[in-house]
Amino acid sequence: MKMTTSGTEINKNHRGANVNKTAEMTKMALMVAMNCVSAYIIIPLPFSLSPIALQTMIVNLTGYVLNAKQAFMTMLVYLLVGLAGVPVFTGGSAGPGKLFGPTGGYIIGFLFTAVFLAYFRGEKYSFKRYALLGCVIGIPLIYVFGVVQLKLITGMDWDKAIMTGALPFIPLDIVKCLAAAVIAGPINRIFANNR
(Lines give C-alpha, C1' and ligand atoms only; values in the text may rest on other atoms or scores of the structure.)
Protein backbone atom coordinates (compact mmCIF):
# COMPACT_ATOMS: atom_id res chain seq x y z
CA MET A 1 0.00 0.00 0.00
CA LYS A 2 1.41 3.34 -1.07
CA MET A 3 1.38 6.23 1.42
CA THR A 4 0.93 9.74 0.07
CA THR A 5 1.25 13.06 1.79
CA SER A 6 -1.14 15.82 0.79
CA GLY A 7 -0.07 19.40 0.19
CA THR A 8 -2.15 20.46 3.19
CA GLU A 9 -0.22 18.13 5.51
CA ILE A 10 3.10 19.39 4.14
CA ASN A 11 2.01 23.01 4.74
CA LYS A 12 0.94 22.16 8.30
CA ASN A 13 4.27 20.47 8.99
CA HIS A 14 6.12 23.42 7.49
CA ARG A 15 4.13 25.90 9.58
CA GLY A 16 4.72 23.80 12.71
CA ALA A 17 8.46 23.77 12.04
CA ASN A 18 8.42 27.56 11.58
CA VAL A 19 6.52 28.05 14.85
CA ASN A 20 9.02 25.84 16.71
CA LYS A 21 11.95 27.69 15.15
CA THR A 22 10.42 31.04 16.12
CA ALA A 23 9.85 29.85 19.70
CA GLU A 24 13.47 28.66 19.93
CA MET A 25 14.81 31.95 18.57
CA THR A 26 12.55 33.89 20.95
CA LYS A 27 13.83 31.92 23.96
CA MET A 28 17.45 32.44 22.90
CA ALA A 29 16.94 36.19 22.31
CA LEU A 30 15.18 36.48 25.68
CA MET A 31 18.09 34.81 27.47
CA VAL A 32 20.68 37.03 25.71
CA ALA A 33 18.67 40.12 26.70
CA MET A 34 18.24 38.96 30.31
CA ASN A 35 21.96 38.25 30.57
CA CYS A 36 22.80 41.73 29.26
CA VAL A 37 20.39 43.43 31.68
CA SER A 38 21.51 41.32 34.66
CA ALA A 39 25.10 42.51 34.13
CA TYR A 40 24.03 45.92 35.44
CA ILE A 41 22.56 44.57 38.68
CA ILE A 42 25.66 44.41 40.85
CA ILE A 43 26.84 45.02 44.41
CA PRO A 44 30.56 45.99 44.51
CA LEU A 45 32.62 44.43 47.29
CA PRO A 46 35.50 46.46 48.76
CA PHE A 47 37.70 43.40 49.31
CA SER A 48 37.21 41.78 45.87
CA LEU A 49 37.72 42.65 42.21
CA SER A 50 34.47 40.79 41.46
CA PRO A 51 31.13 42.29 42.50
CA ILE A 52 28.06 40.32 43.47
CA ALA A 53 26.06 40.06 40.23
CA LEU A 54 22.67 38.73 39.20
CA GLN A 55 24.24 37.10 36.14
CA THR A 56 24.87 33.71 37.74
CA MET A 57 21.11 33.31 38.14
CA ILE A 58 20.52 34.08 34.46
CA VAL A 59 23.33 31.76 33.35
CA ASN A 60 21.72 28.93 35.33
CA LEU A 61 18.31 29.82 33.91
CA THR A 62 19.76 29.72 30.39
CA GLY A 63 20.90 26.16 31.00
CA TYR A 64 17.53 25.22 32.47
CA VAL A 65 15.33 26.50 29.60
CA LEU A 66 17.48 25.89 26.50
CA ASN A 67 19.03 22.77 25.05
CA ALA A 68 22.84 22.50 24.96
CA LYS A 69 23.22 23.84 21.40
CA GLN A 70 20.91 26.77 22.09
CA ALA A 71 22.65 27.54 25.39
CA PHE A 72 26.03 27.52 23.63
CA MET A 73 24.81 29.85 20.86
CA THR A 74 23.10 32.17 23.37
CA MET A 75 26.16 32.55 25.58
CA LEU A 76 28.49 32.82 22.56
CA VAL A 77 26.39 35.69 21.16
CA TYR A 78 26.53 37.38 24.57
CA LEU A 79 30.34 36.99 24.72
CA LEU A 80 30.85 38.25 21.17
CA VAL A 81 28.58 41.26 21.72
CA GLY A 82 30.58 42.21 24.83
CA LEU A 83 33.88 41.50 23.13
CA ALA A 84 32.85 43.81 20.27
CA GLY A 85 32.52 46.67 22.74
CA VAL A 86 28.83 46.75 23.64
CA PRO A 87 28.68 47.32 27.44
CA VAL A 88 26.99 44.05 28.43
CA PHE A 89 29.59 42.60 30.80
CA THR A 90 29.36 42.98 34.56
CA GLY A 91 28.76 46.55 35.63
CA GLY A 92 28.34 47.77 32.04
CA SER A 93 31.89 46.95 30.98
CA ALA A 94 32.96 45.56 27.60
CA GLY A 95 35.83 44.66 25.31
CA PRO A 96 38.84 42.34 25.32
CA GLY A 97 40.30 44.10 28.37
CA LYS A 98 37.37 42.92 30.47
CA LEU A 99 37.09 39.43 29.00
CA PHE A 100 40.81 38.72 29.31
CA GLY A 101 41.32 40.75 32.49
CA PRO A 102 41.31 39.57 36.12
CA THR A 103 37.56 38.89 36.31
CA GLY A 104 36.97 37.73 32.74
CA GLY A 105 37.27 34.08 33.68
CA TYR A 106 33.82 34.21 35.28
CA ILE A 107 32.34 35.41 31.98
CA ILE A 108 34.07 32.60 30.08
CA GLY A 109 32.81 30.19 32.74
CA PHE A 110 29.24 31.31 31.99
CA LEU A 111 29.45 29.70 28.55
CA PHE A 112 30.60 26.31 29.83
CA THR A 113 28.19 26.33 32.77
CA ALA A 114 25.10 27.09 30.67
CA VAL A 115 25.99 24.33 28.20
CA PHE A 116 26.73 21.83 30.98
CA LEU A 117 23.44 22.51 32.76
CA ALA A 118 21.47 22.30 29.52
CA TYR A 119 23.09 18.99 28.60
CA PHE A 120 22.57 17.26 31.95
CA ARG A 121 19.30 18.74 33.23
CA GLY A 122 17.10 16.00 31.74
CA GLU A 123 14.01 16.11 29.54
CA LYS A 124 11.44 16.92 32.23
CA TYR A 125 11.49 19.77 34.70
CA SER A 126 12.66 18.83 38.19
CA PHE A 127 13.37 21.52 40.76
CA LYS A 128 15.56 19.15 42.80
CA ARG A 129 17.66 18.05 39.82
CA TYR A 130 18.03 21.60 38.49
CA ALA A 131 18.98 22.98 41.91
CA LEU A 132 21.44 20.16 42.60
CA LEU A 133 23.15 20.52 39.21
CA GLY A 134 23.38 24.29 39.56
CA CYS A 135 24.63 24.38 43.14
CA VAL A 136 26.97 21.38 43.10
CA ILE A 137 28.41 21.64 39.59
CA GLY A 138 27.28 24.82 37.79
CA ILE A 139 28.38 27.44 40.33
CA PRO A 140 31.71 25.71 41.11
CA LEU A 141 32.41 25.55 37.36
CA ILE A 142 32.03 29.33 37.10
CA TYR A 143 34.32 29.71 40.13
CA VAL A 144 37.01 27.49 38.61
CA PHE A 145 37.25 29.62 35.47
CA GLY A 146 37.00 32.83 37.47
CA VAL A 147 39.52 32.01 40.18
CA VAL A 148 42.08 30.52 37.77
CA GLN A 149 42.06 33.63 35.57
CA LEU A 150 42.06 35.92 38.60
CA LYS A 151 45.14 34.18 39.97
CA LEU A 152 46.96 34.05 36.62
CA ILE A 153 46.34 37.72 35.73
CA THR A 154 46.96 39.25 39.16
CA GLY A 155 49.64 36.85 40.38
CA MET A 156 47.97 36.58 43.79
CA ASP A 157 48.32 33.38 45.83
CA TRP A 158 45.75 30.63 45.35
CA ASP A 159 44.47 31.15 48.90
CA LYS A 160 43.81 34.83 48.28
CA ALA A 161 42.28 34.20 44.85
CA ILE A 162 39.84 31.70 46.36
CA MET A 163 39.13 33.92 49.39
CA THR A 164 38.35 36.99 47.27
CA GLY A 165 37.07 35.34 44.08
CA ALA A 166 34.84 32.52 45.30
CA LEU A 167 34.11 32.13 49.02
CA PRO A 168 32.25 35.44 49.59
CA PHE A 169 29.83 34.66 46.77
CA ILE A 170 28.79 31.13 47.73
CA PRO A 171 25.74 31.88 49.96
CA LEU A 172 24.08 34.33 47.56
CA ASP A 173 24.96 32.21 44.51
CA ILE A 174 23.16 29.26 46.10
CA VAL A 175 20.08 31.47 46.57
CA LYS A 176 20.31 32.64 42.94
CA CYS A 177 20.69 29.05 41.79
CA LEU A 178 17.57 27.98 43.68
CA ALA A 179 15.67 30.99 42.29
CA ALA A 180 16.67 30.04 38.74
CA ALA A 181 15.48 26.48 39.33
CA VAL A 182 12.09 27.79 40.52
CA ILE A 183 11.67 30.26 37.64
CA ALA A 184 12.65 27.66 35.03
CA GLY A 185 9.47 25.65 35.67
CA PRO A 186 6.93 28.29 34.58
CA ILE A 187 9.13 29.47 31.68
CA ASN A 188 9.43 25.92 30.33
CA ARG A 189 5.66 25.45 30.66
CA ILE A 190 4.92 28.72 28.83
CA PHE A 191 7.11 27.81 25.88
CA ALA A 192 5.85 24.22 25.84
CA ASN A 193 2.22 25.46 25.65
CA ASN A 194 3.04 27.78 22.74
CA ARG A 195 4.39 25.03 20.49
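The values are calculated or read from the model by the stated rules, or taken from the named source; none is laboratory data. This is a predicted model, so every value here is computed, not measured. As a convention, Cβ positions derive from the backbone with ideal geometry for all residues, glycine included, and neighbour counts pool all protein chains shown. Surface areas here come from the heavy atoms of the whole protein model, side chains and all, with no ligands, DNA or RNA. Shrake-Rupley method; radii C 1.70, N 1.55, O 1.52, S 1.80 Å.
What the table shows:
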read-out: Residue in the range 81-103 that is nearest to L152 (Cα to Cα), counting only those that are of a type in the set (V, I, T) and surrounded by 15 or more Cβ atoms within 10 Å (Cβ to Cβ); value: T103
read-out: The range 149-175 - residue that is under 13 Å from S50 (Cβ atoms), touching a residue at least 24 places away in the same chain (Cβ under 8 Å) and among the aliphatic types (A, V, I, L, M) and, of those, most open to solvent (accessible area, probe 1.4 Å); value: I153
read-out: Residues located in the range 148-195, provided they are within 19 Å of L133 (Cβ to Cβ), of a type outside the set (A, V, I, L, M, F, W, C) and touching a helix residue (DSSP H, G or I) at 6+ places or on another chain (Cβ under 8 Å); value: D173, K176, G185, N188
read-out: Criterion (in contact with a strand residue (DSSP E or B) (Cβ under 8 Å, 6 or more places away or on another chain) and not small (G, A, S)) met by exactly one of P186, P87; value: P87
read-out: The range 176-195: number of residues that are part of a helix (DSSP H, G or I), at pLDDT below 80 and open to solvent by 60 Å² or more (accessible area, probe 1.4 Å); value: 1
read-out: Within the range 38-139, helices (runs of 4 or more DSSP H) holding 1 or more residues that are touching an Asp or Glu at 6+ places or on another chain (Cβ under 7 Å); value: 55-65, 68-83
read-out: Selection status of L133, within 18 Å of the chain's Cα centre (by Cα), farther than 23 Å from C36 by Cα and either at pLDDT 95 or above or not aromatic (F, W, Y) (or both); value: yes
read-out: Filter pass, A131 being in contact with a Cys (Cβ under 7 Å, 6 or more places away or on another chain), surrounded by 14 or more Cβ atoms within 10 Å (Cβ to Cβ), without any contact (Cβ under 8 Å) to a residue 60 or more places away in the chain and at negative phi; value: yes
read-out: Selection status of K27, more than 11 Å from the chain's Cα centre (by Cα), at pLDDT 95 or above and surrounded by 12 or more Cβ atoms within 10 Å (Cβ to Cβ); value: no
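Residue-wise test of (1) of a type in the set (F, W, Y); (2) touching a Lys or Arg at 6+ places or on another chain (Cβ under 9 Å); (3) farther than 18 Å from I142 by Cβ.
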position: D159; (1), (2), (3): no, no, yes
position: T164; (1), (2), (3): no, no, no
position: F169; (1), (2), (3): yes, no, no
position: D173; (1), (2), (3): no, no, no
position: C177; (1), (2), (3): no, no, no
position: A181; (1), (2), (3): no, yes, no
position: A184; (1), (2), (3): no, yes, no
position: I190; (1), (2), (3): no, no, yes
